[in-house]
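The values are calculated or read from the model by the stated rules, or taken from the named source; none is laboratory data. All figures in this text were calculated on a predicted structure; none of them were measured in a lab. No Cβ is skipped: glycine too gets one built from the backbone with ideal geometry, and neighbour counts run over all protein chains shown.
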Amino acid sequence: MRSLNLSWCLPVNDAAIAVVAQHCRQLELLSVFGLLGVTDASLDALAAANLGRSLRTLDVHGCRNVSRQAEPLLLQQFPRLTCFSHHS
């Protein structure tokens with residue numbers, strides 16, 4: 001799987017993203033737009049699964065529990081990331 005859009009799938013949380021990270025090793029696009037259950041722990045799970053080699057687009061817009069401080073580290077962990085959308 002290369003693209004996964006979980007936008008507004010409200011039950012999705014950090015545990016679900018950890019499973020996605022473990023099983024979707026070729027993921028290029030992940031959208032979790034609007035999910036309050038997604039936090040910095042999800043970003044850690046994606047990085048731990050070494051998705052930095054493939055992930056190009058990450059949309060965490062509306063994920064209020066993903067901190068702004070995570071952004072610089074995220075861009076370092078995912079060098080192929082060309083599109084990153086975060087809430088303002």
statement: The correct count of residues that are of a type outside the set (Ser, Thr, Tyr) and under 12 Å from the mean Cα position of the chain (by Cα) in the range 66-88 is 11
Pairs with Cβ under 6 Å, 6+ apart, first in the range 26-43 and at pLDDT below 95 and among the aromatic types (Phe, Trp, Tyr), second surrounded by 19 or more Cβ atoms within 10 Å (Cβ to Cβ) and part of a loop (DSSP other than H, G, I, E, B): none
task: With respect to Ser54, determine if the residue is in contact with a His (Cβ under 7 Å, 6 or more places away or on another chain), over 15 Å from Ile17 (Cβ atoms) and among the polar types (S, T, N, Q).
output: no
